[in-house]
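Scroll down for the structure; my scribbles are underneath it.
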Amino acid sequence: MNLIIRKTAEEAAVWAAHYIAMRIREKAERTDKPFVLGLPTGSTPIGTYQELIRMFKAGEISFKNVITFNMDEYVGLPETHPESYHSFMLRNFFYHVDVPWDNIHILNGNAADLEKECADYEQAITEAGGIDLFLGGIGEDGHIAFNEPFSSLVSRTRVVTLTHDTRVVNSRFFAGDVNQVPKQALTVGVATILGAKEVVILGFGEKKAAAVKAGVEGAYSHTITFSALQAHEYGTVVLDEPAASRLSSETVRYFREVEEANAR
Ligand code: GLP
């Protein structure tokens, strides 16, 4: 695992955007094959999306040869609902860049056969050649995508039931009313994320500090599904200082030394 800590969320978000852009350019130099990018929703990735949009508008990056797969979507929420992850992605990213519409994949939480939808999604990822880089966030309870505590660490794309805690946290997008937050979602599994060639997880703010500590310094455990990143060869966690505030000073010092050594 690699750990990058920046003073503010803005700096950390920009770091992640530049890292993704670098990976897209690197692959384009090697091959004509598309870059396959896994994407999250939530407040955390917004700064990274904004920097990628700025880079696109400045002519520094193009997404013409990028295929995207989003992590998750609520079950039963109309796609046009402002809080659906379809709406979120259009508003915060896809309307502003040049990812071809046909290259965008988001799970359909209104599919007649949800299990088929999940199986087809896994198949589409395989057919695209696998995910090159999966970007993600962390829930306050340590979940990645919608892999709530006790999700199997070898899980694949499937229908899940959200925890009450997650619905309370996400009720801020539903006028503070937990009853309006869907009870179920479709999500890529932990193993779907770990199947990516590289995984970059963002964690910003004091609210994530406990989950970050558990996932980085604690045991590999289904109680904190983010901890599964420990079993990935190329996993990077990008934090601001508040999210890193509960890590031990030895952990922080070690990763600062690694970053300095890598920069040489
Ligand atoms: C939701 C999403 C996760 C996201 C998490 C954190 O549960 N399914 O993918 O990481 O929220 O959201 P935020 O970035 O708003 O804190």
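Rounded to the nearest 10 Å², what accessible area does Arg246 have for a 1.4 Å probe in the complete protein model?
Arg246 exposes around 130 Å² with every protein chain in place.
In the chain, what percentage of the DSSP-assigned beta bridges are antiparallel, given to the nearest 5?
Numbers: 9 of 32 bridges.
Close to 30 percent.
Can you give the local net charge around His86? Use residues other than it whose beta-carbon is closer than 12 angstrom to its beta-carbon, Lys and Arg +1, Asp and Glu -1. Each step should come with its number before you reach the end.
Details: positive: Arg91; negative: Asp72, Glu73, Glu79, Glu83.
Result for the neighbourhood of His86: -3.
Residues in region 134-159, backbone N under 13 Å from the label point at Glu115 (7 Å along the Cα-to-beta-carbon vector): list them, ranges by number please.
Under cut-off, by backbone N: 158-159.
What full-extension length gain, to one decimal in nm, is calculated for Tyr234 and Gln123 as 0.36 nm per residue of separation minus the Cα-Cα distance?
Values: separation 111, 0.36 × 111 = 39.96 nm, distance 2.30 nm.
Roughly 37.7 nm would be gained on extension.
Considering only protein heavy atoms, what is the solvent-accessible area of Val14 at a probe of 1.4 Å, reported in Å² to the nearest 10?
Result for Val14: roughly 50 Å² accessible.
Need the full-extension length gain, Arg253 to Arg91, defined as separation in residues times 0.36 nm minus the C-alpha distance. One decimal, nm. Write out the running numbers ahead of the final one.
Numbers: separation 162, 0.36 × 162 = 58.32 nm, distance 3.83 nm.
Working it through step by step, the gained length comes to 54.5 nm.
Based on Cα coordinates alone, diagonalise the gyration tensor for the chain, multiply each eigenvalue by 5, take square roots, and list the semi-axes in whole Å, largest first. Could you put the intermediate results ahead of the total?
On the way: eigenvalues 132, 110, 63 Å².
Whole-Å semi-axes of the equivalent ellipsoid: 26, 23, 18.
Over region 134-264, with every protein chain in place, what whole percent of the accessible area is carbon and sulfur at 1.4 Å, could you tell me?
Details: 3090 of 5830 Å².
Of the solvent-accessible surface of region 134-264, carbon and sulfur hold 53 percent.
About its Cα centre, how strong a charge dipole does the chain have in debye, to the nearest 20, once Lys and Arg get +1 and Asp and Glu get -1 at the Cβ?
Values: 25 positive and 35 negative charges, 74 e Å.
Using only the charged Cβ atoms, the result is roughly 360 debye.
Per 0.36 nm of contour for each residue apart, how much would the distance between Glu206 and Ala175 grow if the chain were fully extended, relative to their Cα-Cα spacing? All intermediate terms of the calculation are to be shown ahead of the outcome.
Details: separation 31, 0.36 × 31 = 11.16 nm, distance 2.31 nm.
Fully extending the segment from Glu206 to Ala175 adds 8.9 nm.
Loop only by DSSP, 13 or fewer other Cβ within 10 Å of the Cβ. Give me the chymotrypsin sites (Phe, Trp or Tyr not before Pro) in region 186-262 that pass, ordered by residue number. The partial results should precede the final answer.
Working: sites: Phe204, Tyr220, Phe226, Tyr234, Tyr254, Phe255; in loops: Phe204, Tyr220, Tyr234.
Here the sparse-neighbourhood loop sites are Tyr220, Tyr234.
Net charge near Val36: determine it from the other residues with C-beta under 12 Å of the C-beta of Val36, scoring Lys and Arg +1 and Asp and Glu -1. Don't skip to the answer; put the middle values down first.
Values: positive: Arg23, Lys27, Lys33, Lys197; negative: Glu127, Asp132, Glu198.
Result for the neighbourhood of Val36: +1.
The values are calculated or read from the model by the stated rules, or taken from the named source; none is laboratory data. The structure displayed is predicted, hence computed values, not measured ones. Here the Cβ is made from the backbone with ideal geometry for all residues, glycine too, and neighbour counts use every protein chain on show. All accessible areas refer to the heavy atoms of the entire protein, side chains included, with ligands and DNA or RNA removed. Shrake-Rupley method; radii C 1.70, N 1.55, O 1.52, S 1.80 Å.
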